[in-house]
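The structure appears right after this line, and notes come after that.
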Amino acid sequence: MLIQRIITALILAPAAISAIFYLPLHYFATLLMAVIAIGAWEWGPLMGFETKTRRSLFVMVTCVLISVIWFNLPIDTIWIENKQLHDDAIYILWLSVIWWLVSAVLMFTYPKYSKFWSSHRSIRGIFGWLTLVPTWLAFMIIRTNNYPDDPYHGAQLLMFLFLMVWSADIGAYFFGKAFGKHKLMPMVSPGKTIEGFLGGVFCACALIVVAAYQIGWNSDQISIVLIITVLISTVSVIGDLNESMFKRQAGVKDSGSILPGHGGILDRIDSLTATTPVFALCYVLLGW
């Protein structure tokens, strides 16, 4: 299983990086919408949808919501003079942050309130849209930042986000295997440990410090990014646990089987659905 995961990652990572750096903005936005659409398809079973018709309808509505955002917030003009983000985009980012705070409460209290939302498919559908739709917008906000002056600036920001999430994930896996004794949230995900979580945060911070020094950032920039890294490393776990909670409630092991050794698309982007909006909002408010 580990070998299969590594092989799939070695194929996916270069493909994702190439798309981020070299695809024109509208092609990248379209590809990202397709990825989100697959995630919406995989969210269907988490809502109890067993028929392809109902799952397809959920995918269609998800794509319509993204299209509405795309139409009203054109990616070419989402940044006003490349420095100020459009107010509507900021509101959506804040809405996403509020959802993830609610999600964290649901996870920490699980299964106390699960009976209510698990018995209403419409609520689980709204949870799915709050998870998936802002992710598309957040990716585009980051990718288009300062685009006219430096077409690769936003791509570099996304790579920093990926480094934070990937290093935290890898660090948590190996630290958890080596030292994990205390369960982080056994009712939601029995495999995750406090030691693994702390190891993931440590690895993410260490990698970001090395990268920051290589780029030549000053101490103030590094301090800000370290704080952001701790936040993003923590939020990435919330994104992972969020999907685990819904899968556990629905009796689903993996969201899909499209990625050998990794499960479905949702299993790969669950951390990014939480971290990307938070990262985007942090950059808008703080910069570095």
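What follows draws every value from the coordinates through simple rules; no lab data is involved. Here the structure is a predicted model, which means the values were calculated and not measured. Neighbour counts run over all protein chains shown; Cβ positions are idealised from the backbone, glycine included.
So here's what we get for this one:
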{"read-out": "ASP150, ASP169, ASP87 arranged by Cβ crowding within 10 Å, fewest neighbours leading", "value": "ASP87, ASP150, ASP169"}
{"read-out": "Bins of 5 Å from zero: percent of alpha-carbon pairs in the stretch 33-73", "value": "6, 26, 30, 19, 11, 6, 2"}
{"read-out": "Highest average packing first - 110-117, 16-23, 90-97, Cβ atoms within 10 Å", "value": "90-97, 16-23, 110-117"}
{"read-out": "For the stretch 37-145, alpha-carbon Rg relative to the globular expectation (2.2 N^0.38 Å, N residues)", "value": "1.20"}
{"read-out": "Mean separation of Cα contacts under 8 Å, 6 or more apart, over the residue count of the chain: relative contact order %", "value": "24"}
{"read-out": "Under 28 Å, Cα to Cα: Lys pairs in the chain, sequence gap 8 or more or different chains", "value": "23"}
{"read-out": "Given charges at Cβ of Lys, Arg, Asp, Glu: the chain dipole, positive-most of LEU132, LEU93, PHE160", "value": "LEU132"}
{"read-out": "For the chain, convex hull volume per residue from C-alpha positions, Å³", "value": "129"}
{"read-out": "Check: the chain dipole with +1 on Lys, Arg Cβ and -1 on Asp, Glu Cβ, in debye", "value": "1220"}
